[in-house]
Ligand SMILES: NC(=O)c1ccc[n+]([C@@H]2O[C@H](COP(=O)([O-])OP(=O)(O)OC[C@H]3O[C@@H](n4cnc5c(N)ncnc54)[C@H](OP(=O)(O)O)[C@@H]3O)[C@@H](O)[C@H]2O)c1
């Protein structure tokens, strides 16, 4: 099958169109013919080698973290899907590879595609949607009446995070550039700051949660807008101790805790 692969880590090495063996589905896998896949910053970070210590992929690696497509075959233990179903999916992080004609995904990473969405629209959702859910609901545990600052509200993660935070009943402040102010307002943002013009850390205070998608200076300044015992959730930097535990990287866990 045709696929886009990384042969060697590093920005300058790029990715290559290749002929790869088709995936062999396991008994709890769904084999999907991919119609659309989205490109996320995670793909370029993986290509650049930023994740090679925590996610030791075997090269050549097929890139791509989410997809929409049609089920062509299911494993013997799959109960929820059948050939012909239109689905969208986020493969498990050690079995990525959606920039290809086919992929086998464990059943629990697959959902029926809403009929109102095109394949392209559906493929843009899984990774950003799940990331925003993890940040706002699972880690942030946002509640009615709380205040949250979401950096980059116009981005893939930000657009979902704003809507989830509003759904949880929070007041949402967000940073964006001028051209996307109307977009973030239409998603429900209550306070909108043009990051090219204004310094959010001089405007906002006493926030319960900040979602930082930028790292560096933005991350540092974000600490200043939090109330005591507020939460800063960073997704631009390296994975956290929970991720290390999940992947069995005990050495990383020690390093991460050592730095705190
Ligand atoms: N995609 C995922 O599911 C995922 C998962 C885990 C971690 N992350 C990380 O989260 C970050 C964002 O990912 P994404 O997929 O949402 O990216 P994206 O769709 O490419 O969006 C990036 C956004 O960043 C905004 N931006 C640039 N500089 C900014 C600044 N200084 N302050 C505030 N906003 C700024 C831009 O807004 P304007 O166009 O309005 O200027 C743009 O909309 C990346 O670091 C990524 O690695 C993403």
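Read-outs: derived from the displayed coordinates by stated rules, not from any lab. Since this is a predicted model, take the numbers as computed values, not measurements. Don't worry about glycine lacking a Cβ; one is built from the backbone with ideal geometry, like all the others, and counts go over all protein chains shown.
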Taking Cα atoms, how many degrees apart are the long axis of helix 156-167 and the longest axis of the chain, rounded to 10 and kept between 0 and 90? 60
C-alpha long axis of helix 216-225 to longest principal axis of the chain, angle in °: 50
Could you tell me the calculated FRET efficiency between residue 203 and residue 134, based on Cβ-Cβ distance and R0 = 22 angstrom, to the nearest 0.05? 0.20
Taking only DSSP H segments of four or more residues, each worth -39500 (n - 2.57), what value at 222 nm results for the chain once the sum is divided by all its residues, to the nearest 500 deg cm²/dmol? -7000 deg cm²/dmol
Return an integer: the convex hull volume of the alpha-carbon atoms of the chain, in Å³ per residue. 148
Could you run the Debye sum over the Cα atoms of segment 71-154, one equal point scatterer each and no solvent, and tell me log10 of I(q)/I(0) at q = 0.13, 0.21, 0.26 Å⁻¹, two decimals? -0.55, -1.08, -1.38
Expressed as a rounded percentage, what relative contact order does segment 2-123 have, with Cα pairs under 8 Å and six or more residues apart? 32
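Set the Förster radius R0 to 35 Å, insert the Cβ-Cβ distance between residue 2 and residue 54 as r into 1/(1 + (r/R0)^6), and round the FRET efficiency to 0.05.
On the way: r = 29 Å, r/R0 = 0.82.
Working from the Cβ atoms, E equals 0.75.
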Which order, highest average first, do 160-167, 85-92 follow once you tally other Cβ atoms within 10 Å for each residue and take the mean per peptide? 160-167, 85-92
Compute the helix-to-body angle for 250-259: its Cα long axis versus the longest principal axis of the chain, expressed 0 to 90° and rounded to tens. 10
Intensity falloff of segment 132-202 expressed as log10 I(q)/I(0), Debye formula with alpha-carbon point scatterers, at q = 0.12 Å⁻¹: -0.26
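Sorted by packing (mean other beta-carbon atoms within 10 Å per residue), highest first, where do 9-15, 130-136 land? Intermediate results must be reported in sequence, preceding the final value.
Values: 9-15: 12.1, 130-136: 20.7.
Descending mean neighbour count gives 130-136, 9-15.
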Quick calc: nm separation of the 7 Å Cα→Cβ label points for residue 24 and residue 39 -> 3.3
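Under the definition of Cα pairs under 8 Å and six or more residues apart, what whole-number percent is the relative contact order of the chain?
Working: 529 pairs, mean separation 36.1, N = 260.
In percent, rounded to a whole number, it is 14.
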For the pair residue 82/residue 227, report the inter-label distance in nm, with labels modelled 7 Å from Cα in the Cβ direction. 5.2
Under a GNM of the chain (C-alpha, springs under 10 Å), which listed residue has the highest mean-square fluctuation: 149, 59, 42? 59
Assuming 0.36 nm per residue, please report the length gained on full extension of the stretch residue 117 to residue 92 beyond their Cα-Cα distance. 6.7 nm
How long is segment 20-121 along each principal axis, judged by its Cα atoms, biggest number first, in Å? 36, 30, 22
